[in-house]
Amino acid sequence: MTKFLISFPSGAMQVSADELPAVAEAAHAVVREAKDAGVWVFGGGIDERIAPVRVHGDGTVTDETYPETARIEGGYTVIEVPSRDEAVHWAARFAVACRCAQELRAFGEDAES
């Protein structure tokens with residue numbers, strides 16, 4: 001089984017305030033289906049009101065990010081499925097619910113786990 005990240009940036013979901021409750025309900029329905037299917041691992045959105053920080057090995061915290069990750073935002077879901085095809089199926093379900101395309105990435109296996 002492989003874990004996959006399904007995600008989208010905040011700006012990708014272009015829905016009106018009136019549509020937002022229906023989109024939220026549709027997304028929650030897909031989450032419930034993923035849980036019922038036993039593929040759900042984790043999901044949530046980045047709280048964009050809280051600025052990211054960088055934590056160093058000595059415990060020092062600095063108000064910065066890596067330049068490459070300064071724009072991490074939006075919604076994230078982690079699923080665990082036996083194939084990429086099944087991951088594509090779930091990503092498509094979230095794309096319909098959220099009314100925007102989803103990125104799909106596979107996590108590499110950790111030999112120690």
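All of the numbers you see were taken from the coordinates with simple rules; none came from a lab. Predicted model only: the values in this text are computed from it and were never measured. Note that each Cβ is placed from the backbone with ideal geometry, even for glycine, and that neighbours are counted across all protein chains shown.
At a glance:
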read-out	value
Convex hull projection area averaged over all views, the range 9-49, Cα basis, nm²	3.6 nm²
CD proxy at 222 nm, helix term only [per DSSP H run n ≥ 4: -39500 (n - 2.57); per residue of the chain; nearest 500]	-9500 deg cm²/dmol
log10 of Debye I(q)/I(0), alpha-carbon scatterers only, for the range 11-113 at 0.18, 0.20, 0.21 Å⁻¹	-1.02, -1.13, -1.18
DSSP-assigned coil residues among trypsin sites (Lys or Arg not before Pro) in the range 1-87, each with at most 15 further Cβ atoms within 10 Å	Arg49, Arg71
Unit charges on C-beta of K, R, D, E only; dipole of the range 1-86, Debye	160 debye
Dimensionless Rg/Rh of the range 36-80 - Kirkwood Rh, Rg from C-alpha atoms	1.12
